[in-house]
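Q: Quick one: structure below, then a few questions.
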Ligand code: FAD
């Protein structure tokens, strides 16, 4: 009998370690989840994401109950808890799927060693990525730090080693140790707000969402993915974050669809996911500072008033405000919008990208240390590859290009709902008469731009140049 330790793989189908445990033990598997206080209290703690975790655990438990089983939920130090459940169940070892953040690697290495020293088996598996670090490396075995060659190598490896998706393991109905009741959010995070954005949870829901996406928006994903008002992307990121879906299920579904630029480009995004996992694994310093250390010298002005305006969606730049309010309301934000607001925070408001990274991790249901850090450092120009710091997004022209009718802005910034389309991304340019007609007075009902883009752009370039001059 094995314990399967669920972490960020909250599903029964196509779960590599769970399948291995079930196969080796004739279906006798003790399913365990442990709330790890070190994560709950960590600097990236998030009420909305924790609520989603609780919802997914409830769904997983419900599915296990159809086999006469239940999820054994505990709270505490993972190693001590695993020893408890090993003793209580009589299992001979533990299986889990690997997680690659610096904290998880340290924790899991210590746990594997301690379990083995105590005479138990401990087996970990690749599952949350398509390819692990060593599987996509340069010819001399070094990690890639630039996406394009990484993606090329990744695709050629996929062509040589197609993904296989496994179904449900055969689980035997066995007596299980008792579970603690699934906690309420406030048991875990006493300061959590009473109302939070919720995301539909559970494996069945996630598989349906994947199928809907593959039958619908996938074919036109290459064009639709950048239009913020359109549901042109999969919105599967929360499921991938907690492993409610596997990346193999996603890649296999894309490859089974009629070939074309849509599936091709969507797989490219899943490659970004693997890419950032391996970046953080090899360069854990990126979680504390710039990937390129020279940029740690940027002397950010970090004005807290400007930061608060950005957080609240009150910058006077409608596309930025719509995006920040989407984040607050839904715990999710469109990818194009993430790039725009991240560029705006760093290059227009001159605020350290780590402030933005942390705010995102606090609110995003899909908040993931590797993808979020990679995205922020990409936007700030301090990260792995190409985007040089002098390429600065103009928030007005980004809005005009990727929300041409202003539908996204009107959805999240109701003050601007009646603003004519030609002004929707620059409402402060309306005359007073036009403002009255649109029912919004700039400066009273909606802010004038809190900074001037052209001026800030020049200041940003000076800040970045000053930081790199010492090189
Ligand atoms: P789709 O377009 O349908 O893509 C499919 C999947 O590919 C996504 O669900 C996601 O798992 C993965 N993916 C897509 N784009 C990226 C990317 N650039 N990097 C890594 N993986 C990607 N993604 C997160 O999952 N968690 C984060 O915390 C996160 N923070 C970000 C912060 C910033 C500043 C930026 C610019 C991007 C961030 N991203 C993050 C990447 C991307 O914005 C989201 O993955 C995407 O918007 C999720 O929507 P979707 O599921 O509809 O994506």
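The values are calculated or read from the model by the stated rules, or taken from the named source; none is laboratory data. Bear in mind that the values here come from a model prediction, so they are computed numbers and not experimental data. Here Cβ is always computed from backbone atoms with ideal geometry, including for glycine, and neighbour counts include all displayed protein chains.
Q: Do we have residue 286 as farther than 14 Å from residue 413 by Cα, in a helix (DSSP H, G or I) and more than 11 Å from the ligand (Cβ to nearest atom) here?
A: Considered against the rule, which asks whether it is farther than 14 Å from residue 413 by Cα, in a helix (DSSP H, G or I) and more than 11 Å from the ligand (Cβ to nearest atom), residue 286 comes out as yes.
Here is a yes/no grid of residues against (1) without any contact (Cβ under 8 Å) to a residue 24 or more places away in the chain; (2) surrounded by 17 or more Cβ atoms within 10 Å (Cβ to Cβ):
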site: 227; (1), (2): no, yes
site: 231; (1), (2): yes, no
site: 236; (1), (2): no, yes
site: 251; (1), (2): no, yes
site: 261; (1), (2): no, no
site: 279; (1), (2): no, yes
site: 301; (1), (2): no, no
site: 313; (1), (2): no, yes
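Q: Suppose the filter is out of contact with any helix residue (DSSP H, G or I) (no Cβ under 7 Å at 6 or more places or on another chain), buried (at least 17 other Cβ atoms within 10 Å of the Cβ) and modelled with pLDDT of 95 or more; does residue 108 pass it?
A: yes
Q: Considering only segment 365-393, how many residues are in contact (Cβ under 8 Å) with a residue 60 or more places away in the chain and more than 7 Å from the ligand (Cβ to nearest atom)?
A: Selection size over segment 365-393: 15.
Q: Restricting segment 111-124 to residues that are in a loop (DSSP other than H, G, I, E, B) and on the phi < 0 side of the Ramachandran plot, which is surrounded by the fewest Cβ atoms within 10 Å (Cβ to Cβ)?
A: Once the filter is applied, the top-ranked residue is 118.
Q: Taking segment 32-48, which residues are closer than 20 Å to residue 84 by Cα and buried (at least 24 other Cβ atoms within 10 Å of the Cβ)?
A: 32
Q: Provide a single number: the residues in segment 346-364 that are more than 9 Å from the ligand (Cβ to nearest atom) and either over 26 Å from residue 462 (Cβ atoms) or assigned to a helix (DSSP H, G or I) (or both). Please lay out each step first, then the result.
A: Just the residues of segment 346-364 that are more than 9 Å from the ligand (Cβ to nearest atom), to begin with: 346-352, 354-355, 358-359, 362-363.
When the remaining residues are screened for being either over 26 Å from residue 462 (Cβ atoms) or assigned to a helix (DSSP H, G or I) (or both), the result is 346-348, 354-355, 358-359, 362-363.
The total comes to 9.
Q: For residue 233, only one of the following conditions fails: (1) more than 10 Å from the ligand (Cβ to nearest atom); (2) within 17 Å of residue 326 (Cβ to Cβ). What is its number?
A: (1)
Q: Which count do you get for residues in segment 201-224 that are assigned to a helix (DSSP H, G or I) and away from the ligand (no atom under 13 Å from the Cβ)?
A: Taking segment 201-224 and keeping what is assigned to a helix (DSSP H, G or I), we get 203-215, 217-224.
Applying the additional criterion that residues be away from the ligand (no atom under 13 Å from the Cβ) yields 203-205, 207-208, 211, 215, 219.
Here the count works out to 8.
Q: Further question on the same structure: Looking at this structure, is residue 53 more than 30 Å from residue 356 (Cα to Cα) and either touching a residue at least 40 places away in the same chain (Cβ under 8 Å) or surrounded by fewer than 20 Cβ atoms within 10 Å (Cβ to Cβ) (or both)?
A: Judged against the criteria, residue 53 is not a match.
Q: Count, please, the residues in segment 236-264 that happen to be assigned to a helix (DSSP H, G or I) and either assigned by the TED database to the domain that holds residue 322 or near the ligand (Cβ under 9 Å from one of its atoms) (or both).
A: The total comes to 7.
Q: With the checklist (1) within 16 Å of the ligand (Cβ to nearest atom); (2) in a helix (DSSP H, G or I); (3) touching a helix residue (DSSP H, G or I) at 6+ places or on another chain (Cβ under 6 Å) in hand, flag the one item residue 291 doesn't pass.
A: Result: residue 291 fails condition (2) only.
Residue-wise test of (1) modelled with pLDDT under 95; (2) in the same structural domain as residue 307 (by the TED database); (3) in contact with a strand residue (DSSP E or B) (Cβ under 9 Å, 6 or more places away or on another chain).
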| site | (1), (2), (3) |
| --- | --- |
| 385 | yes, yes, no |
| 405 | no, yes, no |
| 411 | no, yes, no |
| 414 | no, yes, no |
| 417 | no, yes, no |
| 448 | no, yes, yes |
| 456 | no, yes, no |
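Q: If I filter segment 324-335 for residues that are part of a helix (DSSP H, G or I), within 9 Å of the ligand (Cβ to nearest atom) and closer than 21 Å to residue 231 by Cβ, do I get at least one hit?
A: Yes: one or more hits.
Q: Would you list the helices (runs of 4 or more DSSP H) that sit entirely within segment 378-471 and hold 1 or more residues that are under 25 Å from the mean Cα position of the chain (by Cα) and crowded, with 21+ Cβ neighbours inside 10 Å?
A: Counting at least 1 such residues, we get 395-402, 407-412.
Q: Which members of segment 49-68 meet the condition of being part of a loop (DSSP other than H, G, I, E, B) and in contact with a helix residue (DSSP H, G or I) (Cβ under 9 Å, 6 or more places away or on another chain)?
A: none
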